[in-house]
2 protein chains.
Amino acid sequence: MSNPVVAEALRGGRVESAHRGSGAVVDADGAVVLAFGDIERPVYPRSAVKALQALPLIESGAADRLALSPKEIALACASHSGESEHVATARAMLAKAGRDENVLECGAHWPLSEQASRAMARAGGTPSALHNNCSGKHAGFVCLACSEGIDPKSYVAPDHSVQCEVASAVAGVTGAQLSEETRGVDGCSIPTYAIPLRALALGFARFGTGQGLERGRAGAAARIRAAVAAHPAIVAGAGRFDTEVMTLLKARAFTKTGAEGVFCAALPQAGLGIAVKVDDGGARAAQAAMAALIVRFGGFEEDVRAPLAPLVAPRLMNWNGIETGVLRPAGPLALRGGV
Amino acid sequence: MSNPVVAEALRGGRVESAHRGSGAVVDADGAVVLAFGDIERPVYPRSAVKALQALPLIESGAADRLALSPKEIALACASHSGESEHVATARAMLAKAGRDENVLECGAHWPLSEQASRAMARAGGTPSALHNNCSGKHAGFVCLACSEGIDPKSYVAPDHSVQCEVASAVAGVTGAQLSEETRGVDGCSIPTYAIPLRALALGFARFGTGQGLERGRAGAAARIRAAVAAHPAIVAGAGRFDTEVMTLLKARAFTKTGAEGVFCAALPQAGLGIAVKVDDGGARAAQAAMAALIVRFGGFEEDVRAPLAPLVAPRLMNWNGIETGVLRPAGPLALRGGV
């Protein structure tokens, strides 16, 4: 059975492309408030669980021992655009661990932001591992290891103590079994474990509320949420979905994109967690779906819903700025009488 | 009824993402050799029909009157990467029409090629309409108008004589009805008319063989194919699918990508035309599907099939050059015992 269409791109009033997907909205007790498509099949959450992967950095006391700032904690959860602030913050984290970029094992790539990438080229620069969108997460791993007196070398390997602690936190919060069988290699070389959307949504309901988590872990989750809410430009970058949503909603929503059309979120006030996977990996559809779910379940007033509308149903423009169509939620997420 | 899965991306041996789509392989008499999914629904062919849109430039005698070179004719069919050779060729075409880039109505964007884009930034440049991937097609439109003594102003409008000639050629070759009802605005502001895949595939079978076309049009098609075969780096750019395939196969295949997962091709020796649309617009899936169809229907020897294999089932690498998985044709296009 195929998953339903969750978003469609229109051109000239005609559906040009359509994206199928699945998703779950779950409360901290595990009750499923909404489900569409297959929410039991394990999917790789990729970068959407960076905030859960950052829990050991806080819980272990490493962040306190190294006096990491809220901005640095936010960067540990980021898929950043490689802007100068992101790069400087990653460098500062590593310095607190007594290290530099040579310790990073994420690989180098040009900044995700085309603007940042061109600015670097204009200045005659070339990218290092600090510009990798995952450099903050990796700097967090290095801080965790160094603070515990563990050699960070090969910290990306599944059997390194850092990855064992990280996997244990993700398994604990989501309730999912993480095994070699469900393991793949992520874009930045760390393991990524496939987890059903139902478990991911439950994990984010717990992460957003603290319910169902041990006291220390609940406190760590709250501290990460506060750090990200205070620095929404750090977790993504200028013009990006997560930055725009959290700049608007602040602590009322935590959202995190992942590669291949995965999106996770917590709505702390509503007590809900959300997990979405677009079958084909399309980020545009995952964003529209997530925006639609935030609007439907966030319980927000009109003053917040209105500025979210362009994220729910973005107008599609061509190179001359002419509107050629629209991307809109569809099927189980179709809009009913406006955003 | 949903279209079948035509390509899937694997990570750690598990299907991470899957793309559905439809496609047709048709001979010049209209016989359907292979069909999967819905091939009757009209889809916007976007840039995949640039070669058909270039027919009036040749048929009208404009290309001869302005002494356009084969390289310039190839650029009229291109979705180019904005490399310096592409830009210089577009400029030269306009000069032959007594014009410059100010006449272009496609809009400006940074070169599609990240390398070309960064090289431009490094040199302190900013893009003009010449860097738009469609600038060659637009330069061809300007040449057509000017050569016929027609004011090129508003040449992108559906009722400008240039677009009427272009639509008439596309309708004639494909046999499809093009009307206001099936019209959308393309990324470069010209009209794009939705056409069923069956008709697109028939059109490319005719374009590739000349069968079923009037003598003058058949000659124009042959001239365009020869121009592109002689300049495969002009129609796309370094490392891109169309350039790689035609560098390898030369006149034995004509392939052209379009936005939103559309792909058209002609296999002149086999007498076949191919048209593919990936539901979600995913280019990676359209490429793998097209590569699989070329291998299956091209009748090529092993010496050609082997170098095509990385296009049929590209390995997916991460930022450290570690192989994380593979993208492979699936369902009706699944490989049977190797490429």
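Which order do peptides B:117-126, B:91-100 fall in by mean Cβ count within 10 Å, highest first? Spell out each step's value before the answer.
Working: B:117-126: 15.7, B:91-100: 17.9.
In descending order of packing, they fall as B:91-100, B:117-126.
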In deg cm²/dmol, rounded to the nearest 500, the helical mean residue ellipticity at 222 nm of the protein assembly as shown, built from -39500 (n - 2.57) for every DSSP H run of length 4 or more, is -11500 deg cm²/dmol
Length-normalised contact order of the range A:170-305, Cα under 8 Å, at least 6 apart, in percent, tallies to 19 percent
SASA check, B:Ser189, accessible area w/ 1.4 Å probe, all protein chains in place, rounded to nearest 10 Å², comes out at 10 Å²
So, in nm and shortest first, the distances from B:Asn102 to its counterparts in the other copies, with label points 7 Å along Cα→Cβ, work out as 5.6
So, in nm and shortest first, the distances from A:Glu40 to its counterparts in the other copies, with label points 7 Å along Cα→Cβ, work out as 3.7
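Under 1.5 on a/c is rounded, so check that first for the range B:225-302, then, if it is not, pick prolate when a/b is larger than b/c and oblate when it is not; a ≥ b ≥ c are the square roots of the alpha carbon gyration tensor eigenvalues.
Verdict is oblate for the range B:225-302.
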Put B:Asp64, A:Asp186 in order of accessible area, largest first, probe 1.4 Å, and you get B:Asp64, A:Asp186
For the range A:122-231, using Cα atoms only, the Rg and Dmax in Å read 15.7, 51
For chain B, the count of lysine pairs 8 or more apart or interchain whose alpha-carbon atoms are under 25 Å apart comes to 19
Of B:195-202, B:158-165, ordering from highest average Cβ density within 10 Å down gives B:195-202, B:158-165
Restricting to Cα pairs under 8 Å and 6 or more apart, the percent relative contact order of the range A:156-211 works out to 33 percent
Here the correct list, in nm and shortest first, of distances from B:Glu180 to the same site in the other copies, label points 7 Å along Cα→Cβ, is 6.7
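Under 8 Å for C-alpha pairs, at least 6 residues apart: give me the relative contact order for chain B, rounded to a whole percent.
Once normalised by length, the contact order is 24 percent.
Per residue of B:314-321, count partner chain C-beta atoms within 10 Å of its C-beta, then hand back the mean as an integer.
Values: counts 0, 0, 2, 2, 8, 12, 11, 2.
Other-chain Cβ atoms within 10 Å of each residue's Cβ, averaged: 5.
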Most fluctuating of B:Ala54, B:Ala76, B:Ala157 in the GNM of chain B (C-alpha, under 10 Å) is B:Ala157
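Hey, with R₀ at 51 Å, roughly what FRET efficiency would A:Ser179 and B:Glu180 work out to, going by the Cβ-Cβ distance, to 0.05?
On the way: r = 58 Å, r/R0 = 1.13.
E between A:Ser179 and B:Glu180, to the nearest 0.05, is 0.35.
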Under a Gaussian network model of chain A whose springs join Cα atoms within less than 10 Å, the largest fluctuation of A:Val15, A:Val245, A:Val25 belongs to A:Val15
Out of B:Gly23, B:Gly136, B:Gly61, a Gaussian network model of chain B with alpha-carbon springs under 10 Å gives the largest mean-square fluctuation to B:Gly61
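Can you give the mean number of other chain Cβ atoms that lie within 10 Å of the Cβ atoms in peptide B:187-196? Intermediate values should be presented prior to the final figure.
Numbers: counts 8, 4, 6, 0, 1, 4, 1, 4, 0, 0.
Per-residue shielding by partner chains comes out at 3.
When the Kirkwood radius is taken over all Cα pairs of chain B, what Stokes-Einstein diffusion coefficient follows at 37 °C and 0.692 mPa s, in µm²/s?
Working: Rh = 20.0 Å.
Stokes-Einstein gives a translational diffusion coefficient of 164 µm²/s.
Inside 10 Å of the C-beta atoms of A:103-116, what's the mean count of C-beta atoms belonging to other chains?
Numbers: counts 0, 0, 1, 3, 6, 2, 2, 3, 0, 0, 0, 5, 2, 0.
For peptide A:103-116, the averaged partner shielding equals 2.
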By the C-alpha gyration tensor axes a ≥ b ≥ c (rounded if a/c is under 1.5, else prolate when a/b exceeds b/c, else oblate), the shape of the range A:261-318 is oblate
Computed on Cα atoms, Rg of the protein assembly as shown relative to 2.2 N^0.38 Å comes out at 1.00
To the nearest Å², the heavy-atom accessible area per residue of the protein assembly as shown with 1.4 Å probe amounts to 36 Å²
Checked the range B:178-325 against the a/c 1.5 cut and the a/b vs b/c comparison, axes a ≥ b ≥ c from its Cα gyration tensor; verdict oblate
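For the pair B and A, how large is the buried accessible area, both sides, in square angstrom to the nearest 100, if the probe is 1.4 Å? If you can, show how the numbers build up before the last one.
Details: alone 13970 and 13960 Å², together 24100 Å².
Summed over both sides, the interface buries about 3800 Å².
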With all protein chains in place and a 1.4 Å probe, B:Asp151 shows an accessible area in Å² (nearest 10) of 100 Å²
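Taking all protein chains together and a probe of 1.4 Å, list A:Glu114, B:Glu148 from the most accessible to the least accessible. Working shown, then result.
On the way: A:Glu114 120, B:Glu148 70 Å².
Reading off the accessible areas and sorting them downward yields A:Glu114, B:Glu148.
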Using a 1.4 Å probe on heavy atoms of the protein chains only, the accessible area for A:Arg20 in Å², nearest 10, reads 50 Å²
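The values are calculated or read from the model by the stated rules, or taken from the named source; none is laboratory data. For clarity, every value in this text was computed on a predicted model and none was experimentally measured. Note that each Cβ is placed from the backbone with ideal geometry, even for glycine, and that neighbours are counted across all protein chains shown. Side chains are part of the model used for accessible areas, which takes the heavy atoms of the whole protein and leaves out ligands, DNA and RNA. Shrake-Rupley method; radii C 1.70, N 1.55, O 1.52, S 1.80 Å.
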